[in-house]
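Visitor: Can you keep this structure in mind? I'll have questions shortly.
The values are calculated or read from the model by the stated rules, or taken from the named source; none is laboratory data. Remember, it's a predicted structure, so these values are computed and weren't measured experimentally. Cβ: placed from backbone, ideal geometry, glycine included. Neighbour counts: every protein chain shown.
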Amino acid sequence: MARFEYDLIVIGAGIGGLATASFAAGLGKRVLLVEKERIGGSCTLKTCMPTKSLIRSGVMANVLQRAKDYGLTYQLDHYNADGVFPYINRVIADVNSIDTPESFNAIGINTAFGSAQFIDRHHVLVGSRKYSADRFIIATGSRPASIGIPGTDIPGCLDVESLFRLKTLPATMVVIGGGPAGVELGLALRLLGQEVTILEVADSILFREDREIVQCLVDHVKKLGLKIITGCKVKELQQHESQVRITITDSDGTLRDIVSDAVLMTIGRTPNIEGLNLEKAGVEYTGKGITVNRHLQTTQPNIFACGDVTGLSQNASMVEKQSLAAANNAIVPVFKTRQNFEHMVSVIFTEPPLARAGLTEEEAAARFGKRIKIYRYDYRNLRRAKMERQDYGMAKIICRTNGKIIGVHIWGERAEELAHEMQLLKATGKPLHFLHSVSHAYPTFAEGVLKRLGDMAYVDRMAGNLFVRLGLKLLPGFKNNLKAIKAKL
Ligand SMILES: Cc1cc2nc3c(=O)[nH]c(=O)nc-3n(C[C@H](O)[C@H](O)[C@H](O)COP(=O)(O)OP(=O)(O)OC[C@H]3O[C@@H](n4cnc5c(N)ncnc54)[C@H](O)[C@@H]3O)c2cc1C
Ligand SMILES: NC(=O)c1ccc[n+]([C@@H]2O[C@H](COP(=O)([O-])OP(=O)(O)OC[C@H]3O[C@@H](n4cnc5c(N)ncnc54)[C@H](O)[C@@H]3O)[C@@H](O)[C@H]2O)c1
């Protein structure tokens, strides 16, 4: 007779919970997955899927308006976006339809619904039922953070969750917070024809990203009519007839009001810790999240935590990677895995998107000084982009002097896909010039952007080649080859 009912209880059925529960069940463990709302977590139900769907609607609206760029004319006498929220709800329902308790039961994962509360380090209460397990993984995620200013409780003040409960789009929107959520949502609403202003306290939106690339994006979205005010402080929100009055202090200290139909708060996330009774289990936490060591173990050795609730990873692919390490360490402790975010790709789904892997120029310079080499490719030179009337964007690859890639930043059409080929080179330690010898189909964005960057690095490498440095003559064929590549660039 086993000492505990389960080998592992996972609390929270978002990306982190689903990844860890599946890992453990795959190894034949008895697993219980506890969820207080619906299986799927915030990524499917409240964050990634709804935001990306809203962006899709915005992109489609933009394409319709630009139809004449592609030689098409039609009468657009009435533009109506009332179907956008129902479309988003259909996407969520579609995506979520595979996440049923039955589908998890079929792979050996039992499910229980209700809020889990620790009784001690081996027992939790879910509703009135007590469950026991040898090990636990806490993956309870996060929720929108709130801000300590007066007026955030008025009806027109929304967060990323209440936004998607609206029936229609507000005509004017002020977004507080210019991080990934604020910029994605603000731009999507702008593309759908709303008047949008982003208010950011820092001196730039997306301040964690490469400065030069962000500047390219800012110049572009401003041309699309998105208003951005940086370096400002929000003082208070007030109801103003049926609208909201937002009082801000500008970067020069001037106090002023902006009036808008609604306000959207995107100022970060708060970990879901309350109600878990972590004290009873001996699990420590701070305001940033549950405290874990590099093996994702909490201060109680049989309890692990992963995902947004740790405050260490707030991106679905990082959460998945971290969660697999947590599951491995909880289930197979003899082969301990450290959490490792070294080779991650992230994408901010603006239009066009901004993809990133590795260090920004600022971070690379701080770490390696002048021992870096930067390659840039401007989408204006790209035939495929010209044909698609999308000839704006910038790819910037940061290398060590030996060609090894340490930073990838692509803002432009297909960036979210292109970044992965660069990421493969980066993760496998191949130098950028390696791409010169890899054939790419023409006319693709990969050939235009990535192959060209590889060609640039190759030319550089050849110019610094031992032959040249020794003053030896290059064979004429070789010289012509270099000339031809340079002409193409
Ligand atoms: C607007 C927005 C857009 C985003 N878009 C992207 C994107 O495009 N790509 C990307 O990679 N990342 C994106 N993210 C980040 C991503 O949503 C999160 O990193 C990810 O969903 C976190 O997964 P998780 O499993 O840690 O938590 P969650 O998905 O939040 O899951 C936690 C689960 O635990 C449950 N729970 C909480 N407390 C209890 C309890 N006491 N008992 C039982 N169950 C409980 C919750 O109901 C929830 O289902 C976005 C974030 C935001 C805010
Ligand atoms: N595509 C993606 O992967 C994606 C998309 C959206 C969000 N996310 C993740 O979800 C999490 C939450 O995103 P987020 O953008 O809400 O948080 P964030 O912490 O990344 O950005 C919040 C922004 O709000 C600003 N801010 C904070 N308080 C403010 C105030 N009082 N006034 C004005 N500005 C203020 C901050 O300076 C920051 O720029 C992040 O970890 C983010 O990476 C990922």
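Visitor: Return the residues of the range 295-308 that are within 29 Å of LEU424 (Cα to Cα) and either at pLDDT below 95 or buried (at least 19 other Cβ atoms within 10 Å of the Cβ) (or both); say none if nothing qualifies.
Guide: The first filter runs over the range 295-308 and keeps only residues within 29 Å of LEU424 (Cα to Cα), leaving 295-296, 305-308.
Hits for the range 295-308 are LEU296, ALA305, CYS306, GLY307, ASP308.
Visitor: OK, next. Can you report the number of residues in the range 1-19 which are at pLDDT 95 or above and not in a helix (DSSP H, G or I)? First the steps, then the outcome.
Guide: Taking the range 1-19 as the starting set, the residues that turn out to be at pLDDT 95 or above are 4-19.
With not in a helix (DSSP H, G or I) added as a condition, the list becomes 4-14.
Total satisfying the criteria: 11.
Visitor: If I filter the range 243-257 for residues that are under 25 Å from ILE348 (Cα atoms), surrounded by 18 or more Cβ atoms within 10 Å (Cβ to Cβ) and of a type outside the set (Gly, Ala, Ser), do I get at least one hit? Even if it seems obvious, please write down each step before you answer.
Guide: Step one: list which residues in the range 243-257 are under 25 Å from ILE348 (Cα atoms), which gives none.
Scanning the range 243-257, I find no residue that is under 25 Å from ILE348 (Cα atoms), surrounded by 18 or more Cβ atoms within 10 Å (Cβ to Cβ) and of a type outside the set (Gly, Ala, Ser), so the answer is no.
Visitor: Hey, another quick one. Hey, any hits in the range 20-37 for a residue that's away from ligand 2 (no atom under 16 Å from the Cβ), over 22 Å from ILE138 (Cβ atoms), at pLDDT 95 or above and assigned by TED's automatic domain parsing to the domain that holds ALA326? I'd like the intermediate steps shown before the answer.
Guide: From the range 20-37, those away from ligand 2 (no atom under 16 Å from the Cβ) are 20-37; that's our starting set.
Next cut, over 22 Å from ILE138 (Cβ atoms) only: 28.
Within this subset, residues satisfying the condition of being at pLDDT 95 or above are 28.
From the residues that got through so far, the ones that are assigned by TED's automatic domain parsing to the domain that holds ALA326 too are 28.
Yes.
For (1) hydroxyl-bearing (Ser, Thr, Tyr); (2) over 18 Å from GLY17 (Cβ atoms); (3) in contact with a Gly (Cβ under 9 Å, 6 or more places away or on another chain), each residue gets a yes or a no:
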| position | (1), (2), (3) |
| --- | --- |
| GLY108 | no, no, yes |
| ILE119 | no, yes, no |
| PHE136 | no, no, no |
| THR140 | yes, no, yes |
| ALA145 | no, yes, yes |
| ILE154 | no, yes, no |
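Visitor: For the list (1) within 16 Å of ligand 2 (Cβ to nearest atom); (2) over 17 Å from SER42 (Cβ atoms); (3) exposed (fewer than 15 other Cβ atoms within 10 Å of the Cβ); (4) among the small types (Gly, Ala, Ser), I need the number of the one condition that SER317 fails.
Guide: Just one mismatch for SER317, condition (2).
Visitor: Another question, if that's okay. Given the residues ALA395, ALA385, which is the only one that is in a helix (DSSP H, G or I) and in the same structural domain as LYS451 (by TED's automatic domain parsing)? Don't jump to the end; show me each part of the working.
Guide: Numbers: ALA395 fails: in a helix (DSSP H, G or I).
Checking each option against the conditions leaves just ALA385.
Visitor: Continuing with the same structure: Go through the range 357-382 and count every residue that is within 23 Å of LYS223 (Cβ to Cβ), of a type in the set (Lys, Arg) and part of a helix (DSSP H, G or I). Outline the logic, then answer.
Guide: To start, the set of residues in the range 357-382 that are within 23 Å of LYS223 (Cβ to Cβ) comprises 376-382.
Remaining after also requiring of a type in the set (Lys, Arg): 376, 380.
From the residues that got through so far, the ones that are part of a helix (DSSP H, G or I) too are 380.
Total meeting the criteria: 1.
Visitor: With the requirement that a residue be under 17 Å from the mean Cα position of the chain (by Cα) and closer than 15 Å to VAL84 by Cβ, what does the range 187-219 give you? So that I can check it myself, show each step before the final result.
Guide: Step one: list which residues in the range 187-219 are under 17 Å from the mean Cα position of the chain (by Cα), which gives 187-188, 205-210, 213-214, 217.
Across the range 187-219, the qualifying residues are LEU187, ALA188.
Visitor: For the range 321-335, check the following and say yes or no: at least one residue is buried (at least 18 other Cβ atoms within 10 Å of the Cβ), among the hydroxyl-bearing types (Ser, Thr, Tyr) and either more than 14 Å from the chain's Cα centre (by Cα) or within 13 Å of ligand 1 (Cβ to nearest atom) (or both).
Guide: yes
Visitor: Something else: Outside any loop (DSSP other than H, G, I, E, B) and either out of contact with any Pro (no Cβ under 6 Å at 6 or more places or on another chain) or farther than 18 Å from PRO352 by Cα (or both) - does that describe any residue in the range 203-212?
Guide: yes
Visitor: Cβ-Cβ distance below 9 Å, separation of 6 or more or different chains: which pairs start in the range 249-271 with a residue that is within 21 Å of THR172 (Cα to Cα) and end on one that is assigned to a loop (DSSP other than H, G, I, E, B) and within 11 Å of ligand 1 (Cβ to nearest atom)?
Guide: Partner pairs satisfying both residue conditions: LEU264/GLY177; MET265/ALA145; MET265/GLY177; THR266/GLY177; THR266/GLY179; ILE267/ALA145; ILE267/GLY177; ILE267/GLY179.
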